[in-house]
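Data block below; observations after.
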Amino acid sequence: MLRPALAIPFLKLVFLLASIGVDETSEIALLVKVGNSVTLADISVCCALVDAMKLVFDDKFLKPFSNLLRWFQLCVNQPEFKKVLGEVKLPGAQAGKQDSKKKDAPAQKEPAAKKEAAPKKEAAPKKDAAPKKDAAPKKDAAPKKDAAPKGEAASKKDKKKEKEPKKEDAPAEKEKTPEEIEKEKKDKLKKVIKEGGKRGVEIEGAADMGGLQFFCTSVDHPEGDLELLVKCVEAMNAKSDPNEEERKGGSGHIGKMVFSCGVEHLAVVAYVPDEKAKELNCEEWLSAVLATQGGEVLTKSASISTGKVQANADKGVFPLKIREPMIVEANNFLRKKGLFPEDKDDDDDEFVFGDDDFPS
């Protein structure tokens, strides 16, 4: 395709050749082509020529420029070009084809004179109509049967119902056994701990790179269950074993607020390490964030506090809808205490910590 550096010179060369009637040479074609990929020069020259090709250039003008025409048609037939330029039709080529068809078409013969219509034969005289036969006397209508009494009709319906087989009731869902319920709980707890351990490693890495002491994020598997969310945070804070193939946890030295959406409420857990308790009160932090959406604190301690925000469709309070705004409020609370970096427009680093920052 065209070299970008030769795009404009090539276009000028095309018009120069057109003005003096010189055919493009194979050497020129070789100079301006590079590989089979479309370049910026191809796009530029093609877009510059498209109006002229559609409205001005005819077959006679384009006849000496077969290479140019072949290249132009190759470009405009690419799917990407068609999306922008649409179907590019060359009026000259179409007009030429239509003219040639008209020339080749044999002149239509004049319609032959209509043959004179043959004289109509005289209509044969109508035969005398045969006398109508006397209509047969109508038979007396049969007397209607007396309607069956309502009691008998009801009894017939009952018999039909008895004959029809009763549809089997849909099988009710089997109640889960205590063993099955216990297995489901263990499997769910396993997923929650795995997610927490993985998220802990990610938090540790992100905090170390950004020099952060506190972090706000969300998790999926607890599904709004506060007990499971606490287990997830504990997995984040667990000491990582350097001998394990896959590191887990390791973010116990970083304060954090973790959110989890359920159907009926949004669960929130705040964690503040002992060494940072003087800088930030765990209960105060959680209470301030929950208050923005009318939530309540359920448990509180110096290191871990829990709470939730109840869903309310009438007031437009939905767990998924309020989660991100509450994460922002949690970060703003930290900023006021100087525990989280301030937003700067000219800074390339932006700290946005939500559920999509760490895809599972």
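To keep it simple, each residue is scored yes or no on (1) open to solvent by less than 90 Å² (accessible area, probe 1.4 Å); (2) assigned to a helix (DSSP H, G or I); (3) in contact with a strand residue (DSSP E or B) (Cβ under 9 Å, 6 or more places away or on another chain); (4) at pLDDT 55 or above.
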residue	(1), (2), (3), (4)
ALA148	yes, no, no, no
LYS157	no, yes, no, yes
ASP169	no, no, no, yes
GLU173	no, no, no, yes
GLU180	no, yes, no, yes
LYS185	no, yes, no, yes
LYS190	no, yes, no, yes
LYS194	no, yes, no, yes
ARG199	yes, yes, yes, yes
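Give, as residue ranges, the strands (runs of 3 or more DSSP E) completely inside the range 220-318 that count at least 2 residues that are out of contact with any His (no Cβ under 7 Å at 6 or more places or on another chain), modelled with pLDDT of 95 or more and surrounded by 20 or more Cβ atoms within 10 Å (Cβ to Cβ). Step through it out loud before you land on a result.
Working: elements: 255-261, 265-271, 296-299, 304-310.
Correct list: 255-261, 265-271, 304-310.
Going residue by residue through the range 336-343, is there one that turns out to be farther than 16 Å from PHE215 by Cα, open to solvent by less than 40 Å² (accessible area, probe 1.4 Å), assigned to a loop (DSSP other than H, G, I, E, B) and in contact with a helix residue (DSSP H, G or I) (Cβ under 9 Å, 6 or more places away or on another chain)? Give the steps one after another, and end with the answer.
Taking the range 336-343 as the starting set, the residues that turn out to be farther than 16 Å from PHE215 by Cα are none.
Taking every residue of the range 336-343 in turn, none turns out to be farther than 16 Å from PHE215 by Cα, open to solvent by less than 40 Å² (accessible area, probe 1.4 Å), assigned to a loop (DSSP other than H, G, I, E, B) and in contact with a helix residue (DSSP H, G or I) (Cβ under 9 Å, 6 or more places away or on another chain).
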For this session: Please verify whether the range 72-88 includes one or more residues that are of a type outside the set (Asp, Glu), in a helix (DSSP H, G or I) and modelled with pLDDT under 80.
Result: no
Exercise. Assuming SER37 fulfils every condition listed in (1) part of a helix (DSSP H, G or I); (2) at pLDDT below 80; (3) surrounded by fewer than 11 Cβ atoms within 10 Å (Cβ to Cβ) apart from one, which condition is it?
Worked result: (1)
Exercise. Given (1) at pLDDT below 90; (2) loosely packed, with under 11 Cβ neighbours inside 10 Å, where does GLY210 come up short, assuming only one miss?
Worked result: (2)
For this session: Test ARG323 against the stated conditions and say whether it is modelled with pLDDT of 90 or more, under 14 Å from LEU212 (Cα atoms) and assigned to a helix (DSSP H, G or I).
Result: no
Problem set entry | Of all residues making up the range 217-236, the number that are in contact with a Ser or Thr (Cβ under 6 Å, 6 or more places away or on another chain) and not hydrophobic (A, V, I, L, M, F, W, C) | 2
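The values are calculated or read from the model by the stated rules, or taken from the named source; none is laboratory data. This one's a predicted model, so the numbers in the text were calculated from it and none came from an experiment. Glycine also receives a Cβ, built like all others from the backbone with ideal geometry; neighbour counts cover every protein chain displayed. Ligands, DNA and RNA are stripped out before the accessible areas are found, and what is left, the full protein with its side chains, is counted by its heavy atoms. Shrake-Rupley method; radii C 1.70, N 1.55, O 1.52, S 1.80 Å.
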